[in-house]
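Input: a single structure, listed below in structure tokens.
No value in this document is a laboratory result; all are computed from the given coordinates. Predicted model only: the values in this text are computed from it and were never measured. All Cβ positions, even for glycine, are placed from backbone atoms using ideal geometry, and neighbour counts span all protein chains on display.
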Amino acid sequence: MDTQYTVLNPWAEKAENRAYALCPRPETLEGKTIGLYAHFKQSAPDILKEFEIQLAERYPTAKFKHIQYKRDTTEITNDPDFQAELQKWLEDVDVVICGYGDAGSCAMFLGYNAAHIERMGKPVLLFLHSNYYNVARSSCSARFVPNLRIIPLDFNLTLIGGPGKENLVKVLTPKLDEVIGMLTDPLTPEEASAPPVQQYHTEKTFTGTLTELNKLFYQNGFTHGEPIVPPTREAVDEMLKGTNLPPDYVVATMPPMLGKATVEKIAINAVMAGCLPTYMPVMIAVVRAMTAKNISLEGWSCSHGSWFPTIILSGKITKELDMCGGANILTPFKKAEQTIAKAYSYILLNICGIRSNIEDSCGRGHPTRHSVCFGEDYEHSPWEPAHTRFGIPAEDSAVIMFWPENWEFASKTDGKSAAHKLNIICSWESGTFDPGLCLILSPKLAAEFTKDGYDRDKIIDYIWEYSRRPYEKANVEWCIANNHLPKAMLPEKGDYSVRRFWTEDHLFAVVGSDGMLALNGGGDHGGPGVAKIDLPDNWDELLEKYSDYKAENVRY
């Protein structure tokens, strides 16, 4: 008979489980003031202007007011200056049309802000591209307005950044009656009462065989389909030995769901992934790093972009956890690298509430979209650990979270001068409109740089200054139109080069690979996220207890 297991639920409790009813709708738009709220991209005011033209033809006495929020991946509630401006703008507004969600993170934050306006007492209609309906629906629910009225309008995405007049009319005209209905139709009983969204039975346990539990967890969306280690009470209690924190301690409230990342929920997801209790301090630091104040987690994980989360362990813990640290640095051949990355992906699912094609709107995807984890080779490095660049003492260990999109590699650089190697690095392209770079050098190359007078900081300063591209390749016009012009770039056209990297914050170096490897991208939504790893009082005992978890590969 197959063994039966009783296991704990990995799904997090929401920090707040309240819901707001929708505001009553006016019977007609005749004589009303219609507010038109545009998000940060150039296309949004253009589209809303067409709304005004067509609605004005139906309602000649209607008045219109426009406003644009020019910051992306930002909630109005965290911007007191614009909050005051919005409050004044809304004073004589009767209904609000919000748009336009044309990408994943754009739709996510537009939904947040549309829900905020509805909570301020104004009837709202949110419009976006149908590709992003699910993410907007989740974002409105996450901000307590689960029934907010949303209409998909399929503008040609290739025209975003300035869709043509003909395209606007073609798409909006047949939908105008539906738009008007959503602004004026009486509330349904559900919209008028808005009971809190049911919690996902967060305290419920499940019983079954391993096969049954794997099927059940996959059906509930708790896994990506990989086999799990059953998170029994005994297994979770053992995992909890990896921290001094109590099980009910909330490490972070994780967006977009605002799930409570209690120590116990982190432990449950870590058990499922196959982590050892010695990895528990790392997983707590990962949660802290991915919710650091200087990043927008939804920007990375809900975007149309194909960034892959990268977990870098820095300090002596990489040796203690038997991580590769050298060749094969990006290949998860060791247990720590494999299971820490998998636990991260479960936390995204079960505590953040980010699921594929619902909240995660990634376009082409990426083979390592779930996560990559590796550790630097601190023992053989001529430099201090990477985390010291972020103000954490060298004797500690830390997690660095970074979200690159691609990589570049050069292997035949041994014996070449520092200038030669630096020029190779400076020639590498970096995707996305706000690039970043994590440079990984072998200890041998790091030593060669040091011999030539270049320490880690001097290398980074050199890349910041001399990694450049022609002005016309920097997509400056798009940046200006969409409120993304960096401070380091001049808006005037000219025959000169511009820095490839817009801020030094997104440039850092670790040691532990063959040749020179650059993970590119990773600056668009802030970061890196960095957190110190706090070890439990029983750390030495735990290391001893699990010291035999090392692969002894047989010879043939």
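Each peptide among 99-111, 77-89, 54-66, 245-257 gets the average number of other Cβ atoms lying within 10 Å of its residues, and from highest to lowest they stand as 99-111, 245-257, 54-66, 77-89.
Sort 191-198, 272-279 for me by packing, meaning the mean count of neighbouring Cβ atoms within 10 Å per residue, highest on top. Spell out each step's value before the answer.
Numbers: 191-198: 13.2, 272-279: 23.2.
Highest to lowest by the protection proxy: 272-279, 191-198.
Axis of helix 210-219 versus longest Cα principal axis of the chain: the two differ by about 30°, to the nearest ten degrees.
Sorted ascending by nearby beta carbons within 10 Å, beginning with the fewest, 334, 41 become 334, 41.
Evaluated over the stretch 404-524, the count of Lys pairs having alpha-carbon atoms less than 24 Å apart is 15 (only pairs 8 or more residues apart or interchain). Computed from the C-alpha gyration tensor, the three semi-axes of the ellipsoid equivalent to the stretch 496-556 are 38, 21, 8 Å, from longest to shortest. Between 0 and 90 degrees, the angle of helix 418-427 with respect to the longest Cα principal axis of the chain falls at about 30 degrees. Assuming charge only on the beta carbon of Lys and Arg (+1) and of Asp and Glu (-1), the dipole of the chain about its Cα centre is about 700 debye to the nearest 20. On the principal axes of its alpha carbon atoms, the stretch 1-117 extends 75, 32, 26 Å, with the longest extent given first. Of the peptides 123-133, 445-455, the ranking by mean beta-carbon count within 10 Å, highest at the top, reads 123-133, 445-455.
The separation of the stretch 444-466 from the stretch 281-351, counted between C-alpha centres, amounts to 26 Å. Per residue, the convex hull spanned by the alpha carbons of the stretch 404-524 comes to 96 Å³.
Values of log10 I(q)/I(0) for the stretch 215-269 across q = 0.16, 0.21 Å⁻¹ run -0.57, -0.89, by the Debye formula with one identical scatterer at each alpha carbon and no solvent.
Computed from phi, the 3J(HN,Hα) profile of the stretch 282-294 under the Karplus parametrisation 6.51, -1.76, 1.60 (θ = phi - 60°) reads 5, 5, 5, 5, 4, 4, 5, 5, 6, 10, 4, 5, 8 Hz, with x in place of Gly and Pro.
Electrostatic bookkeeping for residue 532 treats Lys and Arg as +1 and Asp and Glu as -1; over the other residues with beta carbon under 12 Å from its beta carbon, the sum is -2.
Rounded, prolate or oblate: pick one for the stretch 33-193, where a ≥ b ≥ c are the square roots of the eigenvalues of its C-alpha gyration tensor, a/c under 1.5 means rounded, and failing that, prolate if a/b is larger than b/c, else oblate. Don't jump to the answer; show the numbers that get you there.
Details: a/c = 1.24, a/b = 1.12, b/c = 1.11.
Rounded.
Using only the Cα atoms of the stretch 339-427, build the gyration tensor, take square roots of its eigenvalues as a ≥ b ≥ c, and label the shape rounded, prolate or oblate: rounded if a/c is under 1.5, else prolate if a/b is larger than b/c, else oblate. Before the final figure, lay out each step's value.
Working: a/c = 2.91, a/b = 1.52, b/c = 1.92.
Verdict is oblate for the stretch 339-427.
About the Cα centre, and with charges only on the beta carbon of Lys, Arg (+1) and Asp, Glu (-1), how big is the dipole of the stretch 338-388? Nearest 20 debye, please.
On the way: 4 positive and 6 negative charges, 90 e Å.
For the stretch 338-388, the charge dipole is close to 440 debye.
Angle, helix 335-347 long axis vs. longest principal axis of the chain, Cα atoms, 0 to 90°, nearest 10? Here the helix axis deviates by roughly 20 degrees.
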